[in-house]
1. What ranking of 256, 136 emerges when the number of other C-beta atoms within 10 Å of each C-beta is taken as an exposure proxy, fewest first?
2. By per-residue mean of other Cβ atoms within 10 Å, what is the highest-first order of 287-295, 305-313?
3. Can you tell me what the convex hull of the Cα atoms of segment 78-223 projects to on average, as an area in nm²?
4. Roughly what % of DSSP beta bridges within the chain run antiparallel, to the nearest 5?
5. Modelling each spin label as a point 7 Å along the Cα-to-Cβ direction, I'd like the residue 249/residue 295 distance in nm, to one decimal.
6. For segment 233-283, compute Rg over Rh where Rg is the Cα radius of gyration and Rh is the Kirkwood radius from the inverse mean 1/r over Cα pairs.
7. Could you tell me how many degrees, from 0 to 90 and to the nearest 10, lie between the Cα long axis of helix 278-292 and the main elongation axis, the longest principal axis, of the Cα atoms of the chain?
8. May I ask you to sort 296, 266 by Cβ crowding, counting other Cβ atoms within 10 Å and putting the fewest first?
Ligand code: NAD
Ligand code: MG
Ligand code: MG
Ligand code: MG
Ligand code: MG
């Protein structure tokens, strides 16, 4: 961002490298539990920022050798937590309550328990004792980008929240961690566990994952049912979405409207609200209410306890939608996919 287009005022506090200090972590040991998407990125970035890191993984974990090959120390989650002053919980959200049970009695007064998503704290699935700090540092991107950006000297925007401050230092410790993984290079926004959890769930349900896939499938089905070819329907309703989203990502809705034809702009402006109408808005409000009152959380927790029967069924139905087969065939014919990008990258380097 250039100076000119940096907004003078945010509705919330944003921290950059110059307002953050890693020294609150300098004499401390950080345990990173899990070595998946976020775990590997946090562990490696912290390590390269000079922080003492120990990775916590089960004896049977296939990630052990990967972490060790990068020069990281690996212990069991319980051993790592016992040794650490800050425990960063980066195992899957559904597994966290179980892992917390393994480590709770080795957490000492004044230690920090940290998360990258607020679900388990906000919905009471983990209830830490009063004498530990409870913080959140949540990069707003998948782990491989958190890692790649750090390696390139760039940052990944992130969120910082303090749920419980037992030492009076929780905020500074969280900010130090955010700096050490590279987030303050891009900007770290202050939030709360409640706000992060509820907006994250609402966003993925109503817009990003749920809303968009339903829109794509219904658009596709409408064209195919009217006799148009599945290939044309796929291009128009799924493939071109990337081009539109790229424009919105770069310059908001305005950049997208500016870049499409005036016909597309007029058609979109006059028809969009008829598709996603007042009824959709009421459903969004309902979905938000279920997030806020804990209905969704209870449903997902019960679903996991029962071995995920509905999840498996819905996943199966989604995987078998005709659009998936059409897409697989088309992506094999044309060279715009991920595979093609990787080949291009490999050829360039
Ligand atoms: P992941 O599924 O990629 O990785 C989890 C890792 O946990 C596995 O690789 C494994 O090493 C380990 N693991 C699994 N079961 C375990 C067990 N029983 N005991 C010990 N270790 C176990 O998870 P992720 O996507 O990195 O998510 C971690 C946290 O980060 C979650 O709270 C998630 O909400 C949050 N988060 C994820 C993203 C993202 O884009 N992936 C972005 C922001 C925040
Ligand atoms: Mg300790
Ligand atoms: Mg989420
Ligand atoms: Mg078109
Ligand atoms: Mg135009």
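Quick note: the coordinates plus some simple rules give every number you see, no bench work behind them. Given the structure is predicted, the values throughout are model-derived calculations rather than measurements. Reconstructed Cβ throughout: ideal geometry from the backbone, glycine too, with neighbour counts over all protein chains shown.
1. The order, fewest Cβ neighbours first, is 256, 136.
2. Result, highest mean first: 287-295, 305-313.
3. If you wrap the Cα atoms of segment 78-223 in a convex hull and average its projections, you get 10.2 nm².
4. Here the antiparallel bridges make up roughly 25 percent for the chain.
5. With each label placed 7 Å out from Cα toward Cβ, I get 3.3 nm.
6. 1.01
7. 20 degrees
8. Ranking 296, 266 by Cβ neighbours within 10 Å, fewest first, gives 266, 296.
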